[in-house]
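Remarks on the structure that follows.
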Amino acid sequence: MNASQPDTAHDVIDVLTADHREFEQLIVQITDGPTPTARRETADVLIAELVRHAVAEEMFVYPAIREHLPNGDQVVEHDKQEHHELEVLMKRLEGLDAADPKFLVVVGELEGVLRDHVLDEEGEQFPLLRANIPADRLVSLKDRVETAKKAAPTRPHPGAPNSKLFHLVAGPGVGMVDRLRDRLSGRSTSTD
């Protein structure tokens, strides 16, 4: 998601929900893309945005879920598994030519996993977070998530651990290398 959220993003849940809407729009743009080049560029943006979103969630939202939801450990493990599935699919998508018929098949698979993940978060987790975490803490989490997304990697790394410690220690370096590769290759990573 772009570094600055609209003024309607008051807390972390608003930011994450806005990300979800953007992912949905990007998937439509990919499937409706007029050319393979347009589909590839939009897919690269989707991949970068999804990776940044997932890293930020793993760093700051998942610890809050563990702390404040009664079955927080189970919820986080389920979400981390979905993130891993998304990373594997993004890695496959990254390696496909957008003119290949498999490209849109993988986009459809990614959309299915993402839809399930979004339904879990928006339908169950986000309301529980709002009910169990003070509003000022949700605002503080928003600031941390937005900062984390700026330094996060822009490419999927399905072999890397989906943990806060990994993202804190290695994430900024991996993100820097990803952004350098993006610049050198001319890869689009943002809707800006």
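The values are calculated or read from the model by the stated rules, or taken from the named source; none is laboratory data. This is a predicted model, so every value here is computed, not measured. Positions of Cβ are backbone-derived with ideal geometry, glycine not excepted, and every protein chain shown enters the neighbour counts.
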- prompt: Just one of the numbered conditions (1) closer than 30 Å to residue 32 by Cα; (2) modelled with pLDDT under 95 is not true of residue 135; which one?
  reply: (1)
message: So if I check each of 106, 113, 75, 118, which one is in contact with a helix residue (DSSP H, G or I) (Cβ under 7 Å, 6 or more places away or on another chain) and under 16 Å from residue 60 (Cα atoms)?
response: 75
query: Among 67, 58, which is at pLDDT below 95, in a helix (DSSP H, G or I) and crowded, with 21+ Cβ neighbours inside 10 Å?
result: 58
- prompt: Given the structure, is residue 101 exposed (fewer than 14 other Cβ atoms within 10 Å of the Cβ) and farther than 18 Å from residue 120 by Cα?
  reply: yes
- request: Return yes or no: is residue 38 surrounded by fewer than 16 Cβ atoms within 10 Å (Cβ to Cβ), at negative phi and not in a helix (DSSP H, G or I)?
  value: no
task: Would you mind telling me which numbered condition in (1) touching a residue at least 40 places away in the same chain (Cβ under 8 Å); (2) among the acidic types (Asp, Glu); (3) within 15 Å of residue 158 (Cβ to Cβ) residue 57 fails?
output: (3)
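Can you say whether residue 44 is surrounded by 19 or more Cβ atoms within 10 Å (Cβ to Cβ), under 15 Å from residue 117 (Cβ atoms) and either at pLDDT below 95 or of a type outside the set (Phe, Trp, Tyr) (or both), as far as the supplied structure shows?
No, not satisfied.
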